[in-house]
Amino acid sequence: MTTRPTILITNDDGIDAPGLATLAAAASALANVVVVAPTQHLSGCSHQVTVDRPLTAARVRENWYAVNGTPVDCVRLALLQICPAATWVLSGVNDGGNLGIDVWMSGTVAAVREASFLGRRGIALSQYRRRGEQPVWSRTAAHTARVLEYLLPQSPSPGNFWNVNFPAGDVAMAELIVCRLDPHPLPVKYEAKGDEFHYRTSYQDRHREPKHDVDVCFGGDISITPVDGLAR
């Protein structure tokens with residue numbers, strides 16, 4: 001009888017996020033799942049950690065815990081205390097894309113980067129959506145199942161992980177395409193209003209390097225990008 005692996009799942013959208021439930025359901029078909037996620041929405045927190053106060057892990061239900069910290073805190077606490085037997089760490093599914101240089105700002109991606117530092121295999125998963133749209137979570141669930149079936153039998157190089165982005169909309173025939181990160185910056189602007197400067201950008205108008213992750217995802221396919229966590 002084959003022993004099912006244990007997978008740790010986290011995110012940066014918080015314990016109640018629909019993308020977290022989507023990922024946990026897909027992974028549960030393939031492994032034993034333990035969910036350890038932040039109590040609140042922390043998008044864009046990058047690799048922030050908590051060292052100046054105690055962390056708590058509240059049991060929400062069986063094998064689900066809410067931590068009053070960041071995604072990286074969740075991974076550290078889980079792998080060192082709650083479920084050290086986990087061999088994989090999955091993060092997401094994020095509500096919004098994490099493409100190109102987003103990987104350096106994303107809490108979703110930081111969680112699996114930390115996992116790679118601690119010797120585990122990891123996948124960050126994000127659902128890109130256009131401004132004003134909402135994810136079609138049933139479609140995201142189908143994409144997630146396909147990606148996990150493809151990636152879980154594989155082993156990334158030590159220190160590496162995968163960053164996955166699903167295309168916007170209800171795209172049924174999306175291909176799985178392994179590609180590189182787009183290195184171009186976001187078109188960032190600030191609007192001055194008195195003494196305040198308001199962040200402005202148009203995510204969908206960012207540069208699209210051909211056959212890189214932004215181009216693949218914006219073109220309606222699923223981008224799968226190997227990332228070196230140590231940026232070597």
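So which residues in region 128-184 are basic (Lys, Arg) and under 24 Å from Ala86 (Cα atoms), if there are any at all?
So in region 128-184, the residues basic (Lys, Arg) come out as 129-131, 139, 146, 180.
Once the filter is applied, which keeps residues that are basic (Lys, Arg) and under 24 Å from Ala86 (Cα atoms), region 128-184 yields only Arg146.
Would you say Ile123 is within 18 Å of Gly19 (Cβ to Cβ), crowded, with 18+ Cβ neighbours inside 10 Å, β-branched (Val, Ile, Thr) and in contact with a His (Cβ under 7 Å, 6 or more places away or on another chain)?
Values: within 18 Å of Gly19 (Cβ to Cβ): yes; crowded, with 18+ Cβ neighbours inside 10 Å: yes; β-branched (Val, Ile, Thr): yes; in contact with a His (Cβ under 7 Å, 6 or more places away or on another chain): no.
Considered against the rule, which asks whether it is within 18 Å of Gly19 (Cβ to Cβ), crowded, with 18+ Cβ neighbours inside 10 Å, β-branched (Val, Ile, Thr) and in contact with a His (Cβ under 7 Å, 6 or more places away or on another chain), Ile123 comes out as no.
Here is a list of conditions, (1) more than 17 Å from the chain's Cα centre (by Cα); (2) at positive phi; (3) surrounded by 13 or more Cβ atoms within 10 Å (Cβ to Cβ), and Gly159 meets all of them except one; can you say which number that is?
Only one criterion is unmet by Gly159, namely (1).
Consider Gln204 carefully, then state whether it is within 14 Å of Gly96 (Cα to Cα), in a helix (DSSP H, G or I), more than 16 Å from the chain's Cα centre (by Cα) and at pLDDT below 95.
On the way: within 14 Å of Gly96 (Cα to Cα): yes; in a helix (DSSP H, G or I): yes; more than 16 Å from the chain's Cα centre (by Cα): yes; at pLDDT below 95: yes.
Spelling it out, Gln204 is indeed within 14 Å of Gly96 (Cα to Cα), in a helix (DSSP H, G or I), more than 16 Å from the chain's Cα centre (by Cα) and at pLDDT below 95.
Scan region 122-140 residue by residue and report those that are assigned to a helix (DSSP H, G or I) and over 23 Å from Val75 (Cβ atoms). Lay out the reasoning, then the answer.
Just the residues of region 122-140 that are assigned to a helix (DSSP H, G or I), to begin with: 137-140.
Correct list: Trp137, Ser138, Arg139.
Among the residues of region 123-137, what is the count of those that are within 22 Å of Leu152 (Cβ to Cβ) and either over 17 Å from the mean Cα position of the chain (by Cα) or among the small types (Gly, Ala, Ser) (or both)?
Counting residues in region 123-137 that are within 22 Å of Leu152 (Cβ to Cβ) and either over 17 Å from the mean Cα position of the chain (by Cα) or among the small types (Gly, Ala, Ser) (or both) gives 2.
Among the residues in region 99-115, are any touching a Ser or Thr at 6+ places or on another chain (Cβ under 7 Å), modelled with pLDDT of 95 or more and farther than 20 Å from Tyr203 by Cβ?
yes
The values are calculated or read from the model by the stated rules, or taken from the named source; none is laboratory data. Here the structure is a predicted model, which means the values were calculated and not measured. So basically every Cβ, Gly included, is an ideal-geometry build from the backbone, and we count neighbours across all protein chains shown.
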